[in-house]
1. For segment 252-297, which positions are over 15 Å from I233 (Cα atoms), over 22 Å from the mean Cα position of the chain (by Cα) and small (G, A, S)?
2. Answer yes if at least one residue in segment 383-392 is open to solvent by 20 Å² or more (accessible area, probe 1.4 Å), in contact with a Gly (Cβ under 9 Å, 6 or more places away or on another chain) and farther than 19 Å from P299 by Cα, and no otherwise.
3. All but one of (1) open to solvent by 40 Å² or more (accessible area, probe 1.4 Å); (2) under 18 Å from D345 (Cβ atoms) hold for A165; which doesn't?
4. Quick one: would you say L81 is at pLDDT 95 or above, in contact with a Cys (Cβ under 6 Å, 6 or more places away or on another chain) and either open to solvent by less than 40 Å² (accessible area, probe 1.4 Å) or not in a loop (DSSP other than H, G, I, E, B) (or both)?
5. Only one of (1) touching a residue at least 60 places away in the same chain (Cβ under 8 Å); (2) open to solvent by less than 20 Å² (accessible area, probe 1.4 Å); (3) of a type outside the set (D, E); (4) assigned to a loop (DSSP other than H, G, I, E, B) is not met by K352, so which one is it?
6. For segment 200-208, does any single residue satisfy the condition of being over 15 Å from H258 (Cβ atoms), touching a Lys or Arg at 6+ places or on another chain (Cβ under 7 Å) and not hydrophobic (A, V, I, L, M, F, W, C)?
7. In the set A141, A100, A125, A118, which member is assigned to a loop (DSSP other than H, G, I, E, B), of a type in the set (A, V, I, L, M) and either at pLDDT 95 or above or farther than 20 Å from G391 by Cβ (or both)?
8. For segment 193-200, does any single residue satisfy the condition of being part of a loop (DSSP other than H, G, I, E, B), open to solvent by less than 20 Å² (accessible area, probe 1.4 Å) and within 30 Å of V427 (Cβ to Cβ)?
Amino acid sequence: MRNNSWGIAAFVLLVFGASLWGQSAPEKKNIALRCGSLFDGRGDSLRKNIFVVIDGEKIKEVMNSAPAGADVIDLSRETCLPGLIDTHTHILLQGDITAADYDEQLLKQSPEYRTILATVNARRALEYGFTSIRDVETEGAGYADADVKKAINGGVIPGPRMQVATRALDVTGAYPLQGYAPNVMVPHGVQLVDGADNARAAVREQISHGADWIKVYSDRSYRVREDGVLDDIPTFTLEELRAIVDEAHRERHKVASHAMALNGVHNSVEAGVDTIEHGNYIAEEDLKAMAARGIFYVPTIFVGEYVAQGRAAEGAPVWVKMIQIHEETFRRAMKAGVKIAFGTDAGGFDWKINPAKEFSSMVKFGMTPAQAIRAATVTASELLGLRDSLGTVEAGKLADVVAVPGDPLSDVSVMEKVDFVMKGGVVYRKP
């Protein structure tokens, strides 16, 4: 009986196997995006009636006619663009116009709760059309950004691909929380370091816990001099800054420098940082050095306008004056040939506000709509070191594509109306 059972089983397997061998595997279909217009990032104009063919997570082909056998997503009334890149965000922050706004988050919200909010912000960023972001520190929430990045990469939560800076660095007495009694221990929004050796150790620590970038705060305490120059107090000594940059570069990581005014920018450029964040005032010689050395400028215009009145009402009217100085600097940076990348400081303003408002700010300060969009695609991908895979819509690149209902080259504000989002070949939002 036992031998007979084995014989029957073998017969069934043989017949079943033969039936499978006689069938071909189902043909895998590509996805084709039918774009009414396409801004591919390779030029400054729109291509009409284009099909973008997606194979898995990558772009297979960009065609003028419909490909045979593909599943077509109709975006014929839309303008398609490369996935947007925001190179300056804070997903662990919910807006900080005033010191009280900031203190509330660090003193009354646990890191765990802030991380929950960060997952919501990550999803918002993706739905706004930002398929990649560089998050430049957690503002007192430790290494939570590295964990959010891990959760996104693991498919646990939706969000943009991320590069993270974890805790950031500043010197004693220069970063909030400040103003509390000496005997009251309070958290700080950054990792405090003093001295070149301690700075090197902090860089190593942050990289070991997942930092892709090292972020430094290079200046504070702003004032406008009589000659119109935005002055500041530098934080790190040049020796400390050089140690940070040297250690980061030695470990093949880059350095982003919060530098808003004269001395902070100059010291950062001298130390060899990779990006200048904010840069409300940059001296002419430093602009020339940035252009020559390929140091990126991430101006974050909108946030300065957003916080100015609130901070002026709290006793810091310099923030209102800084807006005009910022515009003049931006225009000089364009003229000097500095690489300008799109960054918003989202988190410095509420995440319920669309960070794409930065496009209109960049155009107001002198860019064409095409230049502003390229700052958020091609140039931003170069800043991230990902130009081979992101920034343009062309064969071989990752299938990061967004779409807007209108012509962004005629009205750049339509970039605030992204209604289709694809990241790595996966659709996250449809019109």
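1. Selection gives A271, A283, A289, A292.
2. Yes, segment 383-392 has at least one match.
3. Unmet condition: (1).
4. Spelling it out, it is not the case that L81 is at pLDDT 95 or above, in contact with a Cys (Cβ under 6 Å, 6 or more places away or on another chain) and either open to solvent by less than 40 Å² (accessible area, probe 1.4 Å) or not in a loop (DSSP other than H, G, I, E, B) (or both).
5. Result: K352 passes all but (2).
6. Yes, segment 200-208 has at least one match.
7. Step by step, each of A141, A100, A125, A118 is checked, and only A141 is assigned to a loop (DSSP other than H, G, I, E, B), of a type in the set (A, V, I, L, M) and either at pLDDT 95 or above or farther than 20 Å from G391 by Cβ (or both).
8. no
The values are calculated or read from the model by the stated rules, or taken from the named source; none is laboratory data. Keep in mind that what you see is a predicted model, and the values were worked out from it rather than measured. Neighbour counts run over all protein chains shown; Cβ positions are idealised from the backbone, glycine included. The area values use the complete protein model at the heavy-atom level, side chains included, leaving out ligands, DNA and RNA. Shrake-Rupley method; radii C 1.70, N 1.55, O 1.52, S 1.80 Å.
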